[in-house]
Amino acid sequence: MRLPTILALTMIACTSWGRIRQGLGEQVGRACLTVLVAVMLVACSLPALPERMPQLPELPQLPQVPQLPGIPTDLDQVQDLLTELGLPNLSELGDVPGLDALPALGAPPGGLVLQGPLEVSLAAGDTIPGTDIRLITPGRDVARFRIAGLEAERRIADSLDFDGAWPGIEGVTYTLRLRVYHLGERQVRAAGVQRVVIRDIQPQQGTVALSGHRLTFPHSVAADRDALFPGMTLGYRGRHERGAELTGLAATEYPYRKVGDSVVWRGRLRTDIPVEYNLRVLFYAEGSARLGGVAQIALPNR
């Protein structure tokens, strides 16, 4: 305890002694004074408190997982997903369209919907595959395009959209929602989301080559017990003590997968559309299972 505090307590004790003796008597007053002095001595022996409590160090902030528009929420923790999609980290870009920019749509009966993020780099004369969008002249301030046969100027944050049939193939429609995020003398870069709708699929497993224009999508798919996963010939038999039991594998292949284990399937969605799935088990229970990862298809490059 500091000296000013000790002096203050001493003055209080001296001032109070007369009142204590008068009100309680000589003997009782001496006893009370003794107790007061003892309390003072104990207080004086305590270590002095600092004038200011030391500030606790700030806790470090946990790293943020990049939120890339167009990645379904059940896939945002899949390891190396951005690398498998072949995408740069666009999470810090503003005004990049997400899946909510695409028209609401469910898979048609007997069909399959694939959708996700896309980033394109265009040089003079390049056309975005599957669309009628062609870059005529790049530039630092403005780029000149030809869209649907008409001239169009595009600046930073301007849109590049398309809705229509994929050329050179029946029963496939394509939707594109992009925004320009870079203009240069040699190239233009845009990012956003894309969707492919494929009708009348009949999956067949087999060895395939992804020839033509390759499209890559984040993909998650679920199956109930004793049912097939849409878009492939693999099925889910149920929960086993060794993991999720899959069907449709070769007789010699181990059929059980734990959460995080890989599931690869190659074949054709239709005779004219090859596909390759590189997935992992996201979840499984007695009545259902879910897989997630990357799906790649090839469409005519026209």
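Just want to confirm a number: the relative contact order over segment 153-202, from Cα pairs under 8 angstrom separated by 6+ residues, in percent. Once divided by the residue count of segment 153-202, the mean separation gives 33 percent.
Stokes-Einstein diffusion of segment 183-245 at 4 °C, 1.567 mPa s viscosity, Kirkwood radius from Cα pairs, rounded to a whole number: 81 µm²/s.
Compute the signed sum of charges (Lys and Arg +1, Asp and Glu -1) over the other residues within less than 10 Å, Cβ to Cβ, of Gly111.
Numbers: positive: Arg199; negative: Asp200.
For residues surrounding Gly111, the net value is 0.
Counting Lys and Arg as +1 and Asp and Glu as -1 over every other residue whose Cβ lies under 14 Å from the Cβ of Asp224, the net charge comes to +1.
Placing one equal scatterer on every Cα of segment 88-198 and applying the Debye formula, the log10 ratio I(q)/I(0) at q = 0.11, 0.17 Å⁻¹ is -0.35, -0.81. Annotation for segment 178-248 versus segment 95-113: alpha-carbon center distance of 14 Å. Taken along its three principal axes, the alpha carbon spread of segment 204-299 comes to 42, 26, 19 Å, from the longest extent down to the shortest. A simple count of charges around Ala143, restricted to other residues whose Cβ falls under 15 Å of its Cβ and scoring Lys, Arg +1 and Asp, Glu -1, yields +3.
Quick note: the coordinates plus some simple rules give every number you see, no bench work behind them. Remember, it's a predicted structure, so these values are computed and weren't measured experimentally. Cβ coordinates were reconstructed from backbone atoms using ideal geometry, including for glycine residues, and neighbour counts include every protein chain displayed.
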